[in-house]
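Every number in this text was worked out from the coordinates using simple rules, so none of it is lab data. Only a predicted model underlies this, so the values are computations on that prediction, with no experimental measurement involved. Cβ: placed from backbone, ideal geometry, glycine included. Neighbour counts: every protein chain shown.
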Amino acid sequence: MEPKRKIVPPVYLLLAMSTMLGLHRWAPLARLIAPPYTYFGVAFIALALALGVPAIGAFQKAGTPVIPFERATALVTSGSFRFTRNPMYLGMALLLFGVAVLLGSAGAFLPIPVFVWIIQMRFIRGEERFLEDLFGKHYVAYKSRVRRWI
């Protein structure tokens, strides 16, 4: 019997992005943002990368896995983790938002709340329980200082 395969967050990101592009192309609904204002999406994409990429580096530096289903070996609270407990997930959501702004159509925005809900329910809730069990009062103190998203 093969081990159960688990879907990692970037797969949901790609699904949301594909849905976004499809809705923009085939069911745009309405234009919410017109050029040249659509170019503000680039700022959100840059912010997404500024949050997510260093967060991955912080995990690697601490020697703890980035993959949600692997056992954490360190509690990372520095860098972008000082402002949000989930900079990688927030970065993914901001990336989607930036692309939706670039596209400018109402349909492009629809997958974003679905993506955030999936990440919240499928990953963050379980990760928080696991981290609290693993790191105890240190994680509880961190949780009281730093917001989940923003």
inquiry  = If I fit a long axis through the Cα atoms of helix 125-135 and take the longest principal axis of the Cα atoms of the chain, what angle between them do I get, 0 to 90°, rounded to 10?
reply    = 20
remark   = What the 5 Å binned alpha carbon P(r) of the stretch 48-150 shows, as percent of pairs per bin from 0, is 2, 12, 21, 24, 20, 10, 6, 4, 1, 0
ask   = So who's got an amide H within less than 5 Å of the one on Leu29, skipping anything under 5 residues away but keeping other chains? H placed 1.01 Å off N, in plane.
value = Gly107
ask   = Taking square-rooted eigenvalues a ≥ b ≥ c of the alpha carbon gyration tensor, is the stretch 1-82 rounded, prolate or oblate, where a/c under 1.5 means rounded and, failing that, a/b exceeding b/c means prolate?
value = oblate
ask   = On full extension of the chain, what length is gained from Thr64 through Leu29, given 0.36 nm per residue of separation minus the C-alpha to C-alpha distance?
value = 8.3 nm
ask   = How much net charge surrounds Ile124 when only the other residues with a Cβ under 14 Å from the Cβ of Ile124 are counted, with Lys and Arg +1 and Asp and Glu -1?
value = +4
query = When the label point is put 7 Å from the Cα of Lys143 along its Cα-to-beta-carbon vector, which residues of the stretch 113-131 have a backbone N closer than 16 Å?
reply = 120-131
task = Give me the number: length gained by fully extending Arg122 to Ile56, i.e. 0.36 nm times residue separation minus the C-alpha to C-alpha distance, one decimal in nm.
result = 21.8 nm
query = How would you rank 139-148, 52-61, highest first, on the average number of other Cβ atoms within 10 Å across their residues?
reply = 52-61, 139-148
ask   = Tilt of helix 41-62 relative to the longest C-alpha principal axis of the chain, in degrees (0 to 90, nearest 10)?
value = 20
query = Rounded to the nearest 500, what is the chain's calculated 222 nm mean residue ellipticity when only DSSP H runs of at least 4 contribute -39500 (n - 2.57) each, over all residues?
reply = -19000 deg cm²/dmol
note = Between Ala46 and Ile150, the FRET efficiency computed from the C-beta separation at R0 = 22 Å comes out, to the nearest 0.05, as 0.85
